[in-house]
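A.B. asks: Sharing a structure, written as structure tokens. Questions coming.
The values are calculated or read from the model by the stated rules, or taken from the named source; none is laboratory data. All values reported here derive from a predicted model rather than from experimental measurement. As a convention, Cβ positions derive from the backbone with ideal geometry for all residues, glycine included, and neighbour counts pool all protein chains shown. Ligands, DNA and RNA are stripped out before the accessible areas are found, and what is left, the full protein with its side chains, is counted by its heavy atoms. Shrake-Rupley method; radii C 1.70, N 1.55, O 1.52, S 1.80 Å.
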Amino acid sequence: FMLVSTTTYDARPLMVDPDGLSPTIETDDDMVLTSAMLSDLYTQTHPEFEYTFSDIRGLEFGEITYLVDPLYLVATVTKSDPNTSAVIETRDSLLRIDNILDPATPWDLATGMWLSVHDLDNPDPDILGFEDVRMLAYGNVLGSNADNGLMYGIDSATQTLIRIDPRPKVGNQNNTKYGMAYAVGGEMNNLGDPGGDPDDIQAMDCGLDGKLYAIENTTQSIVQLFTNPTVVQSSSRIELVLELPSTEYTQIDFDNSASIVPFAQSEMIYTFMEGVDPRYQNTLENLLGDFLNDFSKVLKDKIPDKKLAQNIDKFLTLKIPEFNNALESHRKKYNVQPIMAAVSSLPKEDLAALAESLVHLTSLKRKVSADQTESVGGPIDVAVISKGDGFIWIKRKHYFEADKNPLYFVRLISESLTQKENNHAQKGKKGKGI
């Protein structure tokens, strides 16, 4: 488990106190929280059985609290006899951790961790089961909203939008329905056209407006998912919000921590990244291929041994991709990888400056090149989009002169202050309600 800052995107491992977890652990130092450690923590607080958590997915924070927001996740749970190690059952269940920074310590008279007894992939043929729930979204919006306090998930195996009961307790009583899942509207495969292929939902979250949004992979678009149970036609449960630009997308994760993706004129950015002009690179590869092909034809005409000539031709044919791959490896090692290593650790303001500099570089190249039209130039709009702050303008040009329109900016500031006052008022109401 890692903690990632939504401001700087710095990451650090979650640490826990291992005292009492195992007689073989004798240390005063905290240890990294792993799925194995989480299994030990839960088993220590529920010693009647031995629990093993694996394939942890769908991490989602729940309601806002004054301490640490509770974390929900789905895990494959193996329950065993502690004496014989015989497996009693294996199931996919919802787990709530009240305080991920200290998962085993109870607070507010709670146990610290709440594991549902219900199997999401229900073996009962009379009850709908969901075998691959990998995404969760919790309704958590200031003010009143119909989906506040509700949890939704998607079963990737059937592309079914489901609703899960996230409440371990109802009042002072244990909630027997905690972790139970239901198909929204009672309809399996409810994310797709009736009779057609289901939509391929890849990510899902609740927006600040209280609506449930998702990314549909087949059409590369942002869609809204309607959670109203009375919607029974799956074609009416999804509505297009925004078609994403037609380009290749790169997933940013721990294995791939950064990416630079150019739009429109990309040759200068390619040159900056790879250290060579893409047209020169293509010319070099084509010339080598033509040379080896011509050389192979000459050898075939001059060598009477046809089998030997065929072997030489095959050898030269294989050398072309080897040569190209060697050049690509060199560019990645000495050009691309050092740049991406630096980009992955840059703060957001420096990322914005880098993006602006790359556009300036393209503009300058086209401005001084006689054989190219000056299609890039003028003031540059720069924005940063982050999970923590949303869309933020760094530089933005206006169609008017700013110094001649001061009232425009006064109005913007006034609207911003009014919005902040409304947010504080909503938070105050929520606090009093608690």
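A.B. asks: If I model a spin label as a point 7 Å beyond the Cα along the Cα-Cβ vector, how far apart are those points for residue 257 and residue 341 in nm?
C.D. replies: For residue 257 paired with residue 341, the spin-label model returns 1.0 nm.
A.B. asks: Still on this model: Calculate, in whole percent, how much of the Cα-Cα pair population of region 272-317 lies beyond 15 Å.
C.D. replies: 53 percent
A.B. asks: Full extension from residue 298 to residue 392: what is 0.36 nm times the residue separation minus their Cα-Cα distance, to one decimal in nm?
C.D. replies: Extra length available between residue 298 and residue 392 comes to 27.6 nm.
A.B. asks: Sticking with this structure for a sec: What distance in nm separates the two pseudo spin-label positions at residue 175 and residue 88, each 7 Å out from Cα along the beta-carbon direction?
C.D. replies: Reported label-point gap for residue 175 and residue 88 is 2.4 nm.
A.B. asks: What ³J(HN,Hα) values, in whole Hz, does the Karplus curve 6.51 cos²θ - 1.76 cosθ + 1.60 give for region 213-227 when θ = phi - 60°, with x put for Gly and Pro?
C.D. replies: 10, 8, 9, 9, 6, 5, 9, 6, 9, 8, 10, 9, 9, 8, 9
A.B. asks: Sorted by accessible area with a 1.4 angstrom probe, largest first, how do 322, 356 fall?
C.D. replies: Output order, biggest surface exposure first: 322, 356.
A.B. asks: Just grab the label-to-label distance for residue 265 and residue 117, each label 7 Å out from Cα along the Cβ direction, in nm (one decimal).
C.D. replies: 6.8 nm
A.B. asks: Right, here's the next one. On a 1.4 Å probe surface of the protein chains, which of 98, 381, 200 comes out largest in accessible area, and what is the full order?
C.D. replies: Largest accessible area first, the residues go 381, 200, 98.
A.B. asks: Oh, and also: Can you figure out the FRET efficiency of residue 320 with residue 399, using R₀ = 60 Å and their beta-carbon distance, to the nearest 0.05?
C.D. replies: Using R0 = 60 Å, I get an efficiency of 0.70.
A.B. asks: What order, most packed first, do the peptides 301-307, 155-161 have when packing is the mean number of other Cβ atoms within 10 Å of each residue?
C.D. replies: Output ranking for 301-307, 155-161: 155-161, 301-307.
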